[in-house]
Amino acid sequence: MFNPTNAGVAAALNRGMKEAMAHQADWVLTMDQDSHITSGTVQTMLTTFELLAPEIKLQTALLAPDIISSETIPATTRSHGPKRPLPVLELQTAITSGTMIKPSAWENVGGFEEQLFIDYVDHDFCFRLRKAGWKILGCSDAHLVHMIGQATTLRRWGRDIIIDQHPPFRSYYIIRNGLYFWKKNNEPSDFIRADKKNTLKLIIKAFLFDTHKVARIYMFWQGYKDFVCGRFGPYSETHPAAKSDSNALTP
């Protein structure tokens, strides 16, 4: 399927899910351009699902693989906490890439939130699923190789500091949508606490080390202002003057 305009990640996902439902699909695999599944991942997740108790199978909306940083080296940390010695564990949330979604669950919660455009689309979707009574399950025997942004490592004060160099325009969506997500889900959550901490680190690193410092801090500020004013959707629509800036237009 081809979208003539960039309507955002959420809109593209919703369009794909509608098409899958029209073909009576039982599951839909979603992927990002910066990751790939390892051999047997899909079959492993499906096999794991079939081994679940009948009542758990009915409640399961989404299956997610374990995220690794290379073909052979497992990631040492996960957003939901320490890895358990079980093939399946219940998650608070999962990233879009590598997940298998049950179309009936997607339809039940109204799909992905299109006004977010990009960033937090997956986490917003997962939190709405759980609030509606669905389960999000991680399959630790299935793996997704995923790299976040264009990470660089700087040596400062005797330690390595990892900088995720997303294009500056992404900072707008990270701040605006993050604030929206945290306010909407004002509840005790390990993931939200960790996410707030990581966002604060992102801002501090931008001030201290970023190679596009002025542009990034400006986009942080624009994201904050638009959240306060309730402006959502693509940046190019809420800020028409930005249409000449290609960095503000394309995820």
message: Suppose the filter is over 22 Å from ALA94 (Cα atoms) and surrounded by fewer than 18 Cβ atoms within 10 Å (Cβ to Cβ); does TYR224 pass it?
response: yes
message: List the residue pairs whose Cβ atoms are under 6 Å apart, where the first residue sits in segment 49-70 and is in contact (Cβ under 8 Å) with a residue 12 or more places away in the chain and within 22 Å of HIS146 (Cβ to Cβ), the second is of a type outside the set (A, V, I, L, M, F, W, C) and surrounded by fewer than 17 Cβ atoms within 10 Å (Cβ to Cβ), and the two are 6 or more positions apart or on different chains.
response: ILE68/PRO74
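Residue-by-condition table, conditions (1) modelled with pLDDT under 95; (2) at positive phi; (3) part of a loop (DSSP other than H, G, I, E, B):
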| site | (1), (2), (3) |
| --- | --- |
| LEU129 | no, no, no |
| GLY133 | no, yes, yes |
| LEU144 | yes, no, no |
| THR153 | yes, no, no |
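Rundown of residues vs (1) surrounded by fewer than 18 Cβ atoms within 10 Å (Cβ to Cβ); (2) outside the structural domain of VAL42 (by TED's automatic domain parsing), yes/no style:
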residue: ASP122; (1), (2): no, no
residue: GLY133; (1), (2): yes, no
residue: ASP160; (1), (2): yes, yes
residue: PHE169; (1), (2): no, yes
residue: PHE181; (1), (2): no, yes
residue: ARG193; (1), (2): yes, yes
residue: LEU200; (1), (2): yes, yes
residue: ARG216; (1), (2): no, yes
message: I'd like to know if segment 34-42 contains one or more residues that are under 15 Å from ASP119 (Cα atoms) and surrounded by fewer than 15 Cβ atoms within 10 Å (Cβ to Cβ).
response: yes
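If you go through segment 64-79 one residue at a time, do you hit one that is aliphatic (A, V, I, L, M), at pLDDT 95 or above and in a strand (DSSP E or B)?
Yes: segment 64-79 contains one or more residues that are aliphatic (A, V, I, L, M), at pLDDT 95 or above and in a strand (DSSP E or B).
The values are calculated or read from the model by the stated rules, or taken from the named source; none is laboratory data. Quick caveat: nothing in here was measured; it's all calculated off a predicted structure. Methodologically, a virtual Cβ is constructed for each residue, glycine included, from the backbone with ideal geometry; neighbour enumeration extends over all protein chains shown.
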